[in-house]
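See below for the structure under consideration.
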Amino acid sequence: MVMHMSIRVAVSGASGYVGGEVLRVFSAHPDVEFGALTAHSSAGDALGAHQPHLRQLADRTIVDTTPENLAGHDVVVLALPHGASAEIAAQLPPETLVIDCGADHRLQSAEAWAEYYGGDHAGTWPYGMPELITPTGHQRDVLPGTTRIAVPGCNVTAVTLGLQPGVAAGVVDPTDVVAVLANGYSGAGKKLAVPYLASEALGSAQPYAVGGSHRHIPEIIQNLTSAGAADVRLSFTPTLVPMSRGILATVTAPLATGVNVEAVRAAWEDAYADEPFVHLLPEGQWPTTAATLGANTCLVQVAVDGKAGRVVVVSAIDNLVKGTAGAALQSMNVALGLPETTGLTTIGVAP
Ligand SMILES: NC(=O)c1ccc[n+]([C@@H]2O[C@H](COP(=O)([O-])OP(=O)(O)OC[C@H]3O[C@@H](n4cnc5c(N)ncnc54)[C@H](OP(=O)(O)O)[C@@H]3O)[C@@H](O)[C@H]2O)c1
């Protein structure tokens, strides 16, 4: 007989896109049971009114996001706008495992926080990207036993997992990184705004946060520095395209001096040979967002553009799974000493 532990999980922001995906993804974990489901303006509503695809939880009532309602859980997952999560997290007991899907605790630099987000920096939590290359190994090495996890930004995950092997192996020059992304609309959350209306979105692609203003830029630089870059300069441009989920990141950087094509491919092969969720595709096969939908995977391909003298990496993720809810569950497993892959799938939904 297989014995299971019981992990009581509260989900805050349960009416939103990330909260809904946390509920969907965590439902597949054999040890998880859900406690409080909290939010803000939807408090008092049945969850099914906001997340009709979660049939097993449709009759549960959403309650207010308060320390009292979040008390008595082993794990609290925060899927709230930035600012709101720091405020509530500060009121939760130190022994509760708090997993923040928002940005409040990701950045190490208070200056970067002030520049890109504004206001006071809430502090830095252990970063929830187990595959991140660090000066001493991988980020998964420092997560066991932690009671605070900052889940990465979705674009950050796509760009970091795409480029970090080349940075760590020294086969690309990180002082001239260019990243252009195609993004699904769920990345913007459920809020209503004119650019997100179907009449604006369908049949059209629109860039946003052009010119170095996107909030994920300092987080990507932080990660590539962790992977070994002494100096990172990044041009980052996301583009909304008419799909609900998914990020396709195309990231290029100059080929480092004296490096050949074989060394480039070897860098990515070596980095990801043993990773359960980050897969370098066979040569010539390119990632698509469709192949990652619903799965906790990041699919990666790399090529050398010899005439341009640049390495070209393409990576694909589901922004709501590997880009947030899946990363949250993966990091929870590591923090609690469970097998990292428990409850997570690499099986996508296609076509
Ligand atoms: N969408 C993505 O792909 C993605 C990926 C990675 C990380 N994230 C991050 O995850 C967080 C949630 O994003 P989302 O896309 O799920 O946004 P969303 O769809 O707009 O959902 C926001 C949730 O937060 C609740 N909320 C709003 N203000 C609140 C407050 N003051 N106190 C308590 N709850 C409050 C909302 O509750 P009511 O509906 O009841 O008002 C709702 O449940 C954000 O920090 C975002 O940056 C998003």
Taking E283 and the conditions (1) without any contact (Cβ under 8 Å) to a residue 40 or more places away in the chain; (2) within 17 Å of the chain's Cα centre (by Cα), which numbered condition does it fall short on, given that it satisfies the others?
(2)
When A182 is run through (1) more than 16 Å from the ligand (Cβ to nearest atom); (2) surrounded by fewer than 21 Cβ atoms within 10 Å (Cβ to Cβ), the failure sits at (1)
What are the residue pairs meeting all of these: first residue in the range 126-137, first residue in contact (Cβ under 8 Å) with a residue 12 or more places away in the chain and assigned by TED's automatic domain parsing to the domain that holds V98, second residue charged (D, E, K, R) and in a loop (DSSP other than H, G, I, E, B), Cβ atoms under 9 Å, and 6 or more apart or on different chains?
Y127/R106; G128/R106; P130/E275; P130/E340; E131/E275
Counting only residues that are in contact (Cβ under 8 Å) with a residue 24 or more places away in the chain and among the charged types (D, E, K, R), which one in the range 286-310 is surrounded by the fewest Cβ atoms within 10 Å (Cβ to Cβ)?
D305
Scanning the range 131-160 residue by residue, those in a helix (DSSP H, G or I), open to solvent by 40 Å² or more (accessible area, probe 1.4 Å) and in contact with a strand residue (DSSP E or B) (Cβ under 8 Å, 6 or more places away or on another chain) turn out to be D141, V142
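Only one of A158, A169 is closer than 23 Å to T257 by Cβ and out of contact with any Pro (no Cβ under 9 Å at 6 or more places or on another chain); which?
Criteria check complete, one pass: A169.
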Considering only residues that are open to solvent by 10 Å² or more (accessible area, probe 1.4 Å) and in contact with a Pro (Cβ under 9 Å, 6 or more places away or on another chain), which ones fall in the range 311-323?
V314
Of the residues A263, A308, A350, A271, only one is more than 16 Å from the ligand (Cβ to nearest atom), more than 26 Å from V32 (Cα to Cα) and not assigned by TED's automatic domain parsing to the domain that holds G162; which?
A350
In the range 1-35, anything of a type outside the set (S, T, N, Q), open to solvent by 10 Å² or more (accessible area, probe 1.4 Å) and touching a Lys or Arg at 6+ places or on another chain (Cβ under 9 Å) is listed as G16, Y17, V32, E33, F34
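Quick one: would you say L163 is more than 14 Å from the ligand (Cβ to nearest atom) and open to solvent by less than 50 Å² (accessible area, probe 1.4 Å)?
Values: more than 14 Å from the ligand (Cβ to nearest atom): yes; open to solvent by less than 50 Å² (accessible area, probe 1.4 Å): yes.
When the stated conditions are applied, L163 passes them.
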Tell me, which residue of the range 61-106 that is farther than 13 Å from A150 by Cα and among the charged types (D, E, K, R) is surrounded by the most Cβ atoms within 10 Å (Cβ to Cβ)?
D74
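So, G118, is that one within 11 Å of the ligand (Cβ to nearest atom), without any contact (Cβ under 8 Å) to a residue 24 or more places away in the chain and in a loop (DSSP other than H, G, I, E, B) or not?
No; evaluated as a whole, the condition is false for this residue.
The values are calculated or read from the model by the stated rules, or taken from the named source; none is laboratory data. Here the structure is a predicted model, which means the values were calculated and not measured. Every residue, glycine as well, gets a Cβ built from its backbone with ideal geometry; the counts of neighbours run over all protein chains shown. Surface areas here come from the heavy atoms of the whole protein model, side chains and all, with no ligands, DNA or RNA. Shrake-Rupley method; radii C 1.70, N 1.55, O 1.52, S 1.80 Å.
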